[in-house]
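What follows is a set of notes on a single structure, which appears directly below.
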Amino acid sequence: MTAADDQPLLVAEGLSKWYGRQLGCRAVSLDLYQGEVLAIVGESGSGKSTLLQLLSSQLEPSAGRVLYRMRDGVTRDLAQLGEAERRFLFRTDWGYVHQEPIRGLRMTVSAGANVGERLMAVGQRHYGNIRDTATDWLDRVEIDRSRIDDAPTTYSGGMRQRLQIARNLVTEPRLVFMDEPTGGLDVSVQARLLDLLRGLVADLGLAAIVVTHDLAVARLLSHRIMVMKDGETIESGLTDQVLDDPREPYTQLLVSSILPP
Amino acid sequence: MTAILEISGASKTFTMHLQGGMKLPVVASVELTVSPGECVVLGGPSGAGKSSILKMIFGSYRCDQGQILLRHHDAMVDVARAQPRQVIALRRHSIGYVTQFLRAVPRVAALDVVAEPLMMVGVARADARVKAGAMLSRLNVAERLWKLPPSTFSGGEQQRVNIARGFLAELPLLLLDEPTASLDAANRKIVVELIREKTLRGTAIVAIVHDDDVRAAIAHRIIDVTGFAAAA
């Protein structure tokens with residue numbers, strides 16, 4: 001373990017967001033290290049999606065800040081980044097997997113172009129190399145390579161989601177944000193996607209922040225869990241500790257509300 | 001020899017908020033020290049808190065009071081107060097836990113389930129798989145099953161996959177919760193051999209075993225946990 005691994009990749013300090021008088025989230029702090037998967041769980045309206053947008057610099061906080069350790073090892077306040085640096089993060093060092101693949105894909109261009117586009121954004125120009133890498137990534141997310149020239153409009157929901165994941169991971173980001181990545185998919189499709197994600201995250205040593213309302217998803221993917229309610233963190237810790245020994249009344253309610261399979 | 005595990009004054013109470021805040025005491029003032037190469041079996045009737053103690057050592061259950069010191073590389077770490085990140089590191093390098101049931105991951109082949117802990121500590125996939133195969137063979141899991149996800153296996157087969165996974169990595173402390181519960185006599189004997197080999201190599205073991213023969217064969221000491229009964 002090198003000294004850099006002892007520094008968190010991302011730190012949030014006292015993040016709050018108000019939409020006028022409506023609270024998004026309040027005083028949320030967390031840190032995330034390389035290779036760590038954090039699940040943010042809670043019901044609709046608990047503030048978890050607001051938090052994800054704040055952490056990924058898509059929303060400006062009303063208070064607090066987010067620090068990120070850049071590839072050069074220097075930790076920066078995201079609010080202080082220039083536009084070019086911010087773009088670099090979005091195009092290269094971060095991935096963002098939306099619940100609806102439509103929001104993360106370009107639906108009218110081919111699957112290969114969807115993956116290749118991210119590579120071109122980081123300066124790759126050689127068509128053959130880009131196509132080879134895209135093909136390789138289709139394999140990794142278990143999409144038949146004969147579908148490389150088809151547009152995602154012809155894909156099923158599960159395939160679209162896998163394509164979105166390939167598009168995000170092709171630039172080898174260090175941090176991936178995921179907003180309900182298995183939401184809206186059939187159970188069998190979910191299982192395949194979860195298994196795929198679990199393998200990729202472990203193989204690539206990714207750090208990830210996964211927003212989900214599904215505790216089974218959190219159990220399978222994450223090392224740590226943060227439980228949110230009414231915009232605030234009410235409990236956090238090791239995933240199995242929070243799920244097997246929940247301390248707060250609300251967490252106990254969440255855990256006890258799951259039907260055993 | 002310096003201890004692998006030193007528990008002192010450890011207590012645990014569940015507060016059931018959905019049952020009007022009812023307090024459910026589990027264990028109180030647990031004292032336990034385990035040295036390298038020692039196999040300690042926790043005794044006592046069902047509900048006495050044996051499994052809870054294992055979960056507290058592993059960090060799945062929080063510990064309200066006292067400390068649970070665990071040897072990690074050259075230092076002692078208090079699991080009761082460790083940060084999640086430290087506990088994750090402990091589980092990778094210093095402590096293993098074999099439960100009665102396999103938490104099956106969809107679609108992952110039995111061979112990879114077993115090989116995973118080795119890969120987590122940096123063993124190459126091919127090497128880890130060879131070792132995993134050898135362990136599965138030893139536990140009589142037929143080779144035709146290795147490529148299949150264990151969720152469809154019988155209870156006994158799943159348990160053997162779980163044991164193979166738990167025993168493959170060389171960790172200083174191993175927690176076993178009824179590792180032989182659904183095994184036949186021949187496989188029970190193999191698990192007893194595996195446990196003996198582990199302790200001979202210096203691994204410390206804390207186990208829960210209801211089978212009298214197995215307990216007699218592996219236990220260096222039996223600790224009756226009814227002595228740690230929490231006052232209700």
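The values are calculated or read from the model by the stated rules, or taken from the named source; none is laboratory data. Bear in mind the structure is a predicted one, so any value in this text is a computation, not a measurement. As a convention, Cβ positions derive from the backbone with ideal geometry for all residues, glycine included, and neighbour counts pool all protein chains shown. Each accessible area value is taken on the protein alone, full model and side chains, heavy atoms only, with ligands, DNA and RNA left out. Shrake-Rupley method; radii C 1.70, N 1.55, O 1.52, S 1.80 Å.
Points to keep in mind about this one:
- Scope the range B:18-66; condition among the polar types (S, T, N, Q), within 22 Å of B:Phe101 (Cβ to Cβ) and more than 12 Å from every other protein chain (Cβ to nearest Cβ); matching residues: B:Ser46
- The range B:1-17 - residue that is outside any strand (DSSP E or B) and away from chain A (no Cβ under 14 Å) and, of those, farthest from B:Gly49 (Cα to Cα): B:Met1
- From the list A:Ser222, A:Ser256, the lone residue that is within 12 Å of another protein chain (Cβ to nearest Cβ) and either in contact with a Lys or Arg (Cβ under 8 Å, 6 or more places away or on another chain) or under 30 Å from A:Asp136 (Cβ atoms) (or both) is A:Ser222.
- Number of the condition not met by A:Gly82 [criteria: (1) without any contact (Cβ under 8 Å) to a residue 24 or more places away in the chain; (2) in contact with a strand residue (DSSP E or B) (Cβ under 9 Å, 6 or more places away or on another chain); (3) open to solvent by less than 60 Å² (accessible area, probe 1.4 Å)]: (2)
- Residue within the range A:90-98 that is part of a loop (DSSP other than H, G, I, E, B), polar (S, T, N, Q) and modelled with pLDDT under 95 present: no
- Subset of the range A:179-194 that is within 13 Å of chain B (Cβ to nearest Cβ) and surrounded by 17 or more Cβ atoms within 10 Å (Cβ to Cβ) - its residue that is nearest to A:Arg224 (Cα to Cα): A:Leu194
- Residue among B:Val108, B:Val114 that is open to solvent by less than 70 Å² (accessible area, probe 1.4 Å), within 14 Å of another protein chain (Cβ to nearest Cβ) and not small (Gly, Ala, Ser): B:Val108
- Residues that are of a type in the set (A, V, I, L, M, F, W, C), more than 16 Å from B:Asn162 (Cα to Cα) and surrounded by fewer than 18 Cβ atoms within 10 Å (Cβ to Cβ), drawn from the range B:177-232: B:Ala185, B:Ala186, B:Leu200, B:Ala216, B:Ala217, B:Ile222, B:Ala229, B:Ala230, B:Ala231, B:Ala232
- Any hit, the range A:180-195, residues being at pLDDT below 85 and within 27 Å of A:Asn129 (Cα to Cα): yes
- Where A:Asp203 falls short, out of the listed (1) of a type outside the set (Gly, Ala, Ser); (2) within 10 Å of chain B (Cβ to nearest Cβ); (3) buried (at least 22 other Cβ atoms within 10 Å of the Cβ): (3)
- The residues in the range B:90-105 that are within 9 Å of another protein chain (Cβ to nearest Cβ) and either of a type in the set (Lys, Arg) or closer than 16 Å to A:Gly35 by Cα (or both) can be counted, and the count is 1.
- Candidate set: the range B:139-169, residues that are of a type in the set (D, E, K, R) and surrounded by 15 or more Cβ atoms within 10 Å (Cβ to Cβ); chosen: the one nearest to B:Gly96 (Cα to Cα): B:Arg165
- One residue from A:Gly14, A:Gly20, A:Gly24 being surrounded by 13 or more Cβ atoms within 10 Å (Cβ to Cβ) and more than 13 Å from the chain's Cα centre (by Cα): A:Gly24
- All positions within the range A:135-178 that are over 22 Å from A:Glu36 (Cα atoms), surrounded by 16 or more Cβ atoms within 10 Å (Cβ to Cβ) and of a type in the set (Lys, Arg): A:Arg147, A:Arg160
- Against the numbered list (1) out of contact with any Pro (no Cβ under 8 Å at 6 or more places or on another chain); (2) more than 12 Å from chain A (Cβ to nearest Cβ); (3) crowded, with 19+ Cβ neighbours inside 10 Å, B:Asp78 comes up short only at (3).
- Residue in the range A:162-178 that is out of contact with any Asp or Glu (no Cβ under 7 Å at 6 or more places or on another chain), modelled with pLDDT under 95, within 14 Å of chain B (Cβ to nearest Cβ) and closer than 22 Å to B:Val108 by Cα present: no
- Residue, nearest to the other protein chains (Cβ to nearest Cβ), within the range A:27-68, restricted to residues that are part of a strand (DSSP E or B) and surrounded by fewer than 20 Cβ atoms within 10 Å (Cβ to Cβ): A:Asp31
- Tally of residues being in a loop (DSSP other than H, G, I, E, B) and within 11 Å of another protein chain (Cβ to nearest Cβ) across the range A:225-253: 4
- Within the range B:171-204, tally of residues that are part of a loop (DSSP other than H, G, I, E, B), within 13 Å of the chain's Cα centre (by Cα) and of a type outside the set (S, T, N, Q): 4
- Selection of first residues in the range B:27-49 that are touching a residue at least 60 places away in the same chain (Cβ under 8 Å) and of second residues that are assigned to a strand (DSSP E or B) and open to solvent by 70 Å² or more (accessible area, probe 1.4 Å), restricted to Cβ pairs under 6 Å at least 6 apart or on distinct chains, gives the following pairs, ordered by first then second residue: B:Val40/B:Arg221; B:Val41/B:Ile222; B:Gly43/B:Ile222; B:Gly43/B:Asp224; B:Gly44/B:Asp224.
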